[in-house]
Amino acid sequence: MISVEGLKVEFGVKPLFTDVSFVINERDRIALVGKNGAGKSTMLKILAGIQTPTEGTVSIPNDCTIGYLPQVMKLQDSTTVRDEVRKAFSDISKMASKVERLQKEMERRTDYESQDYMDLVERFTLAHERYMMMGAESREAEMERTLTGLGFLRTDFERPTSEFSGGWRMRIELAKLLLSHHDVILLDEPTNHLDIESIQWLEQFLSQSSQAVVLVSHDRAFINNVTNRTLEISCGHVVDYKVKYNEYVVLRQERREQQLRAYENQQKEIADTKAFIERFRYQATKAIQVQQRIRQLEKIVPIEVDEVDNSALRLKFPPCLRSGDYPVICEDVKKSYGEHNVFHDVNLIIKRGEKVAFVGKNGEGKSTLVKCIMNEIDFEGSLKIGHNIQIGYFAQNQAQLLDESLTVFQTIDNVARGDIRLKIRDILGAFMFGGEASDKYVKFLSGGERSRLAMIRLLLEPVNFLILDEPTNHLDMVSKDVLKDAIKAFDGTVIVVSHDREFLDGLVDKVYEFSNGKVREHLGGIYDYLRDKHAETINDAVSQQNTQPVKQAEKPTKEAAKEEAPTPTLSYEERKAEQKRLNKLEKQRKNLEEKISSLEKRRDELNDLLMLPENAANMQMVNEYTTVQEELDKLEEEYFALEI
């Protein structure tokens with residue numbers, strides 16, 4: 001489908017990669033992997049036609065369409081969610097206009113026996129068939145199914161996109177991309193703004209899709225569940241492993257061991273040759289042999305070893321002033337956007353030295369409360385920041401706020417003060433920006449590199465209160481571990497907004513759950529919280545209806561708040577009846593899924609047959625296709641009714 005030949009990309013003295021050739025076939029689901037800065041995002045941009053390589057060609061058939069979701073993009077704020085996502089159906093809308101125009105022209109004509117009229121009928125028939133095959137009749141149902149799969153409620157469909165956070169608006173762009181039915185879709189870190197439920201839905205969608213997929217992700221479980229082929233950018237080249245990610249890891253280790261053995265043998269050969277030359281360089285009787293060895297040495301092509309990225313991020317926060325005993329005190333804090341209430345009656349105290357987690361589904365107000373603490377937005381109620389507080393803030397979009405016209409070194413040099421300016425090169429080296437990498441411009445950095453650079457800026461100023469909003473986005477596994485160790489060693493106060501339970505494990509000693517407009521306190525670590533909720537994941541926990549009263553955060557006021565009334569416990573008979581009803585619904589849902597799957601398979605078969613020239617005017621197939629599509633729409637409506 002897409003053929004890449006002899007690709008070369010240069011940004012500096014050393015090429016990013018050279019002589020890269022591979023082919024993307026239909027239904028390929030490819031994981032593009034490599035170290036941060038290896039060129040993964042650059043490769044996606046080249047495939048998408050956004051960036052031009054220094055050398056080489058990318059051959060794409062004329063009828064092949066490509067969709068691309070970058071890590072960061074400019075988002076629209078002028079429409080509702082539904083209207084914005086409908087833009088994915090622009091081709092269908094154009095075809096609908098064409099069908100309507102041809103139909104009106106047929107109604108005006110009276111020369112039914114003329115050849116011109118017969119040609120018009122044929123054009124209308126072909127346009128209408130194409131319109132039906134594009135799934136025009138089911139687009140609204142498909143749109144709702146995609147949006148709900150990505151975590152939107154049906155009540156969100158008519159809300160302006162401007163009311164949503166950047167992460168939710170990226171979900172809107174992802175929905176548009178998936179609904180556009182491109183032949184190839186390119187995804188750059190698509191899970192960064194998704195919760196667990198949405199990630200699982202996207203896994204299933206991509207696994208069942210007939211489209212070719214090329215994706216970059218640091219989520220190992222996600223890429224292993226989705227992909228069936230792995231392209232690794234290593235040492236400036238691309239190595240093609242036609243296996244899933246887990247199998248690739250094993251094969252890559254074997255390959256590296258072979259590289260090391262070959263490298264060691266070559267180094268021994270070079271050392272022996274150089275020793276012979278030095279020993280006999282000035283002996284006339286050995287002149288011919290010496291010249292032969294010199295020529296051999298010149299012809300040797302050095303073997304490159306795929307180095308494992310073990311560069312340690314030695315994060316050490318500088319000494320800071322002692323803060324007051326209570327860095328944050330919230331009293332009846334409330335935040336609304338128009339009629340939409342984000343949270344209300346938030347009462348919490350964060351003590352000096354505590355490390356707490358804010359957890360909950362996207363859109364429940366975690367980042368909003370952080371902005372209230374940072375005094376970036378207005379709110380109702382009382383929110384007090386303690387004495388002598390020095391805040392270090394890492395926002396979700398912090399890496400995108402860097403000045404792209406500066407180099408890595410200039411970015412840090414502009415914020416460094418005092419003696420630390422003498423150690424900038426050492427600091428950059430510790431963050432894997434050693435050598436030429438420190439002279440790269442920010443605009444050429446990958447998402448992971450930008451996040452590391454933004455983290456360095458955070459470390460250059462002494463703080464005693466860290467607020468980290470999704471700090472692990474764009475960080476690889478090694479960077480996550482090192483950041484976690486640094487935060488554990490930090491003697492100040494920390495708020496971490498994250499849905500990464502492995503990152504939070506052993507890091508926090510208190511969890512604040514954001515759900516249904518309320519904020520509830522849970523003492524203990526993240527796994528204590530999950531055990532209390534009888535859940536395996538954070539999103540499972542916050543999705544539950546709370547059937548027991550939850551201990552509220554201690555209020556700083558003298559008047560104690562009224563305790564929440566516990567939800568009445570269901571009787572045995574009521575629980576049994578409810579379980580019976582749920583089992584019946586589940587059975588109906590599975591039956592509908594089987595019928596829908598069977599009809600979709602037949603529809604796709606008819607679609608393939610009708611694409612053949614000899615079947616273009618086969619009305620029997622067209623009628624069957626229409627009947628199948630109508631039945632599908634009916635079943636999908638029944639399915640959605642069960643989901644409500």
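The values are calculated or read from the model by the stated rules, or taken from the named source; none is laboratory data. Quick caveat: nothing in here was measured; it's all calculated off a predicted structure. Glycine gets a Cβ as well: all are built from the backbone with ideal geometry, and neighbour counts include every protein chain shown. We work out accessible area using only protein heavy atoms, side chains counted, and drop any ligands, DNA or RNA first. Shrake-Rupley method; radii C 1.70, N 1.55, O 1.52, S 1.80 Å.
See the values below:
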| read-out | value |
| --- | --- |
| Index of the failed condition, Tyr68 passing every other in (1) of a type outside the set (D, E, K, R); (2) over 30 Å from Ser90 (Cα atoms); (3) in contact with a strand residue (DSSP E or B) (Cβ under 6 Å, 6 or more places away or on another chain) | (2) |
| Members of the range 30-49 found to be assigned to a loop (DSSP other than H, G, I, E, B) and in contact with a strand residue (DSSP E or B) (Cβ under 6 Å, 6 or more places away or on another chain), listed by number | Gly34, Ala38, Gly39, Ala48 |
| Residue, most open to solvent (accessible area, probe 1.4 Å), within the range 98-111, restricted to residues that are closer than 13 Å to Ala127 by Cβ and not charged (D, E, K, R) | Gln103 |
| Complete set of residues in the range 8-29 that are among the β-branched types (Val, Ile, Thr), open to solvent by 50 Å² or more (accessible area, probe 1.4 Å) and not in a loop (DSSP other than H, G, I, E, B) | Val23 |
| Among the residues listed as Arg109, Arg130, the single one being farther than 16 Å from Val622 by Cα, modelled with pLDDT under 85 and not small (Gly, Ala, Ser) | Arg109 |
| Odd one out for Glu536, checked against (1) modelled with pLDDT under 85; (2) out of contact with any Leu (no Cβ under 9 Å at 6 or more places or on another chain); (3) open to solvent by 40 Å² or more (accessible area, probe 1.4 Å) | (2) |
| Top-ranked residue of the range 275-301 - restricted to ones that are open to solvent by 90 Å² or more (accessible area, probe 1.4 Å) and hydrophobic (A, V, I, L, M, F, W, C), ranked as modelled with the highest pLDDT | Ile288 |
| Condition met for Leu187 (at pLDDT 80 or above and in a strand (DSSP E or B)) | yes |
| All positions within the range 213-262 that are of a type in the set (Asp, Glu) and under 10 Å from Val33 (Cβ atoms) | Glu232 |
| Strands (runs of 3 or more DSSP E) (entirely within the range 315-398) containing at least 1 residues that are open to solvent by 30 Å² or more (accessible area, probe 1.4 Å) | 328-337, 340-350, 380-385, 391-394 |
| Matching option when the condition is in a helix (DSSP H, G or I) and closer than 24 Å to Arg139 by Cβ, among Glu203, Glu158 | Glu203 |
| Subset of the range 236-262 [surrounded by fewer than 18 Cβ atoms within 10 Å (Cβ to Cβ) and closer than 20 Å to Ser41 by Cα] | Gly236, His237, Asp240 |
| Residue satisfying all of: in the range 46-97; open to solvent by 80 Å² or more (accessible area, probe 1.4 Å) and at pLDDT 80 or above; farthest from Trp168 (Cα to Cα) among these | Glu55 |
| Enumeration of residues in the range 495-509 that are surrounded by fewer than 21 Cβ atoms within 10 Å (Cβ to Cβ) and not in a loop (DSSP other than H, G, I, E, B) | Arg501, Glu502 |
| Condition check for Ser207: hydroxyl-bearing (Ser, Thr, Tyr), modelled with pLDDT of 85 or more and either under 26 Å from Asp63 (Cβ atoms) or open to solvent by 10 Å² or more (accessible area, probe 1.4 Å) (or both) | yes |
| Conditions (1) in a helix (DSSP H, G or I); (2) more than 30 Å from Gly37 (Cβ to Cβ): number failed by His181 | (1) |
| Residue check for His128: under 24 Å from Glu600 (Cβ atoms), open to solvent by 20 Å² or more (accessible area, probe 1.4 Å) and within 23 Å of the chain's Cα centre (by Cα) | no |
| Long-range neighbours under 6 Å by Cβ, at least six apart or interchain, first residue over 25 Å from Ala395 (Cβ atoms) within the range 189-216, second of a type in the set (Gly, Ala, Ser) and surrounded by fewer than 22 Cβ atoms within 10 Å (Cβ to Cβ) | Trp201/Gly149 |
| Scan of the range 607-644 for residues that are open to solvent by 80 Å² or more (accessible area, probe 1.4 Å) and modelled with pLDDT of 70 or more, ordered by number | Met619, Gln620, Asn623, Thr627, Glu630, Lys634, Glu638 |
| Answer residue from the range 140-189, given it is of a type in the set (S, T, N, Q) and open to solvent by 20 Å² or more (accessible area, probe 1.4 Å) and is nearest to the chain's Cα centre (by Cα) among those | Ser165 |
| Filter pass, Glu269 being out of contact with any strand residue (DSSP E or B) (no Cβ under 9 Å at 6 or more places or on another chain), assigned to a helix (DSSP H, G or I) and either within 30 Å of Asp28 (Cβ to Cβ) or in contact (Cβ under 8 Å) with a residue 12 or more places away in the chain (or both) | yes |
| Flag if Asp195 is modelled with pLDDT under 85 and buried (at least 21 other Cβ atoms within 10 Å of the Cβ) | yes |
| Flag for Thr161 being in contact (Cβ under 8 Å) with a residue 24 or more places away in the chain and under 30 Å from Thr627 (Cβ atoms) | no |
| Tabulated pairs, the range 479-494, first in contact (Cβ under 8 Å) with a residue 24 or more places away in the chain, second in a loop (DSSP other than H, G, I, E, B) and among the β-branched types (Val, Ile, Thr), C-beta under 7 angstrom, 6+ apart or interchain | Gly492/Val463 |
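Residues checked against (1) over 22 Å from Lys371 (Cβ atoms); (2) modelled with pLDDT under 85; (3) open to solvent by less than 10 Å² (accessible area, probe 1.4 Å):
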{"position": "Arg457", "(1), (2), (3)": "no, yes, no"}
{"position": "Pro462", "(1), (2), (3)": "yes, yes, no"}
{"position": "Phe465", "(1), (2), (3)": "no, no, yes"}
{"position": "Glu470", "(1), (2), (3)": "no, yes, no"}
